[in-house]
Amino acid sequence: MNTIDPNAEALARRTSIHELCAAWATSAAEIRQAFGLLVTARDRLKTTFDGTGYDSRFDIAERNGRRPDYDQPAATLKDIERQAWAAIVGRLELRKVMSLQRSRELDKQLETGDGLPDLNTANVLAMLETTLNNAGQFLEEKVFECYENLRPRGWTLNEYKTNQKSAAAGVGQKVIMGYTVRRNYSGRGFEVQYGRAQDELRALDQVFHLLDGKPTQSASWAGELCDAIREQTKAGGNQFATPYFRGRCFGNGNLHLEFIREDLVAQFNLIAGGARLQDVKN
């Protein structure tokens with residue numbers, strides 16, 4: 001009959017416990033080292049990319065509420081690289097010369113990471129060079145997009161006589177834009193509606209800065225025009241003014257927008273209308 005040697009069993013247990021504890025000690029040290037490296041990498045990214053206008057914590061250990069697959073680091077690295085690309089694009093201010101359509105396409109690419117090249121100096125410079133080489137075309141697209149947003153179309157703009165004056169000869173001195181502003185939370189001032197209205201006013205403000213050859217001064221995403229509407233009406237008024245625009249906001253959501261610089265409006269109409277305006281005049 002086989003018998004169990006209690007001494008041998010105790011030795012086996014001690015060996016197993018020793019191996020488990022040793023494995024834990026080694027693994028704990030590696031985990032501490034790994035987390036330390038992750039923190040170092042995160043802090044380096046946050047410090048280096050600070051001030052790019054792109055807000056991200058660059059958290060590596062957890063992405064969008066999900067734990068990363070530690071056996072597949074490529075997915076986590078791709079996500080971090082995508083964020084870095086977004087920060088660099090923001091620093092280069094490429095959207096200022098892009099139409100809303102191009103900006104949305106770029107944002108979708110930055111959101112998914114699909115089609116983004118490897119992040120390195122050569123590829124960043126190539127993106128910048130491509131944008132600069134096509135700046136003229138991009139500006140024309142942006143101007144034309146804003147032009148179409150301001151001219152009478154459908155019932156939202158065509159119902160106003162002020163807008164109908166622009167139907168034949170390009171954008172005039174004033175335009176009425178519906179569903180563009182709303183009362184702020186205090187109920188005293190106004191702010192621009194999020195989404196389409198904010199995008200269109202930001203793009204229009206960027207266009208007039210570009211036509212004037214002046215950089216925008218606002219650091220906010222909304223831009224100077226939207227900021228002026230919010231800040232200059234918060235005390236209870238409904239009027240605002242910037243170097244290029246002035247206007248009034250109304251409780252029904254309408255924005256009465258007047259152009260201050262006639263020379264820039266003429267450039268705006270010429271670029272956007274071009275030959276079509278000449279045909280109308282002839």
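Gly195 passes every criterion in (1) touching a residue at least 24 places away in the same chain (Cβ under 8 Å); (2) more than 15 Å from Thr242 (Cβ to Cβ) apart from (1). The condition of being at pLDDT below 90, open to solvent by 30 Å² or more (accessible area, probe 1.4 Å) and within 20 Å of Lys96 (Cα to Cα) holds for only one of Gln267, Gln217, Gln173, that being Gln217.
Looking only at residues of the stretch 178-191 that are touching a residue at least 12 places away in the same chain (Cβ under 8 Å) and open to solvent by 10 Å² or more (accessible area, probe 1.4 Å), we find that the one that is farthest from Leu150 (Cα to Cα) is Ser186. Considering the conditions (1) over 30 Å from Arg91 (Cα atoms); (2) at pLDDT 90 or above, Gly187 is excluded by exactly one of them, (2). For beta carbons closer than 6 Å, sequence separation of 6+ or different chains, a first residue in the stretch 87-98 that is surrounded by fewer than 19 Cβ atoms within 10 Å (Cβ to Cβ) and a second that is of a type in the set (Val, Ile, Thr) and assigned to a loop (DSSP other than H, G, I, E, B), the qualifying pairs are Gly90/Thr52; Arg91/Thr52. Residues of the stretch 44-67 that are at pLDDT 75 or above and either of a type in the set (S, T, N, Q) or open to solvent by less than 60 Å² (accessible area, probe 1.4 Å) (or both): Leu45, Thr47, Thr48, Phe49.
The values are calculated or read from the model by the stated rules, or taken from the named source; none is laboratory data. Since the model is a prediction, treat every value here as computed from it, not as a measurement. Quick reminder, even Gly has a Cβ in these numbers, built from the backbone with ideal geometry, and neighbours come from all protein chains shown. Surface areas here come from the heavy atoms of the whole protein model, side chains and all, with no ligands, DNA or RNA. Shrake-Rupley method; radii C 1.70, N 1.55, O 1.52, S 1.80 Å.
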